[in-house]
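The values are calculated or read from the model by the stated rules, or taken from the named source; none is laboratory data. Since this is a predicted model, take the numbers as computed values, not measurements. Positions of Cβ are generated from backbone atoms using ideal geometry, with glycine treated the same way; all protein chains shown enter the neighbour counts.
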Amino acid sequence: MSLEPQIAMSPTPVAPSRRKWGRGLSATVGFVATVFLTFLGLLAITFFIGRVIPIDPVLAVVGDRASNEVYEAARVAMGLDQPLPVQFFHYVVNVFSGDLGQSVSTGRPVVEDLSRFFPATLEMATIGIIIGVALGVPLGVIAASRQGSVIDQIIRVVGLLGYSMPAFWLGLVGLALFYARLRWVGGPGRLDIFYDGLVEPVTGLLLVDSLIKGEFEIFWNAVHHLILPASVLGFFSLAYIARMTRSFMLDQLSQEFVTTARVKGVPERVVIWRHAFNPIRVPLITVIGLSYAGLLEGSVMIETVFSWPGIGNYLTTALLNADMNAVLGSTLVIGAVFIFINKISDVLYRVLDPRAR
């Protein structure tokens, strides 16, 4: 019996490079679709919450002494007389076109305000998370490797304080001690008042802009003001990261492969940092990402205490003034940051763990 027909009918093998390219394209499309749908859901949540909270955006514009005619005219001009689905459609179109409306508090477009205030929060939160990771991860590893010792108990107490201590109280104590009494750090604000406005914004990050312009005196003044609020934020992230690192390490140190490495005489430093620490890098990425997003979102109290011109301070002022465009715009930016950081964490997860690819 001839094999020629069977050979002719056999499927043509697909090149490995083509299969790999197809999988990469599929993963990219899925990633973009997930981000888009998540962001669309965020838009829906922020929009409908803005419509149900007991704040009238029309009164914030015209004032409570305006006549009914003026009130109705403003309501129509703002599109609030239309059905909610129509309002939501216009809201989505405006957001994707970069229009978040006008701020009642500042009289400027909300997008312009956010471009001014968000970099200040980003700068403080970034320094805070660097402090939290640089100290929290080693402390968590040390606590796990010396479980039950005095050092372990001290680190656990520090973590407990970070969870239970109010942020505004710690900020006020820090100002009273390190600024008012010891004069080790700068006071409230991002700069001393006579430096304000001397550096033209490029990125919005004052440390970066001052270095770009070669204004080293302003750079060190900015560091002087930044170190205390960033350290307060870093303390709270340190507590969370150290606690989670300790928990992950305790689980790994009880595994059989760690016991086997110790029996074989592998140095304890290698056992801890190579055998036990390497497997926890993936969950630590998630923990650090969530902690970073939390600092960006939860710095309202710190910014209020330190008069820091960030998005938290901007959001608080907008809430007090019933400035719904600013409130929704700030909430949208914070939610988008959470989405972005979570997706970056997923990418790093796949890079560090081949099993997830």
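General observations
- Among the residues of the range 52-71, those that are aliphatic (A, V, I, L, M), outside any loop (DSSP other than H, G, I, E, B) and surrounded by 10 or more Cβ atoms within 10 Å (Cβ to Cβ) comprise Val58, Leu59, Ala60, Val61, Val62, Val70.
- Selection count where residues are more than 12 Å from Leu175 (Cα to Cα) and either outside the structural domain of Arg183 (by TED's automatic domain parsing) or in a helix (DSSP H, G or I) (or both), scope the range 213-225: 9
- Condition check for Val133: among the aliphatic types (A, V, I, L, M) and in the same structural domain as Ile285 (by TED's automatic domain parsing): yes
- In the range 147-176, the residues that are buried (at least 18 other Cβ atoms within 10 Å of the Cβ) and charged (D, E, K, R): none
- Considering the range 241-298, and only residues there that are outside any helix (DSSP H, G or I) and more than 30 Å from the chain's Cα centre (by Cα), the residue that is surrounded by the fewest Cβ atoms within 10 Å (Cβ to Cβ) turns out to be Gly265.
- The range 161-190 residues that are outside the structural domain of Ile302 (by TED's automatic domain parsing) and closer than 15 Å to Leu233 by Cβ, paired with ones that are modelled with pLDDT of 85 or more and among the β-branched types (Val, Ile, Thr) (beta carbon under 7 Å, 6 or more apart): none
- Residue list for the range 127-151, restricted to those being at negative phi and without any contact (Cβ under 8 Å) to a residue 60 or more places away in the chain: Ala134, Pro138, Ile142, Arg146, Ser149, Val150, Ile151
Here is a yes/no grid of residues against (1) within 24 Å of the chain's Cα centre (by Cα); (2) modelled with pLDDT of 90 or more:
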| site | (1), (2) |
| --- | --- |
| Gly187 | no, no |
| Asp192 | no, no |
| Leu198 | no, no |
| Pro201 | yes, no |
| Glu217 | no, yes |
| Asn221 | no, yes |
| His225 | yes, yes |
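- Taken over the range 226-265, the residue count meeting the criterion of being of a type in the set (Lys, Arg) and over 30 Å from Leu170 (Cα atoms) is 2.
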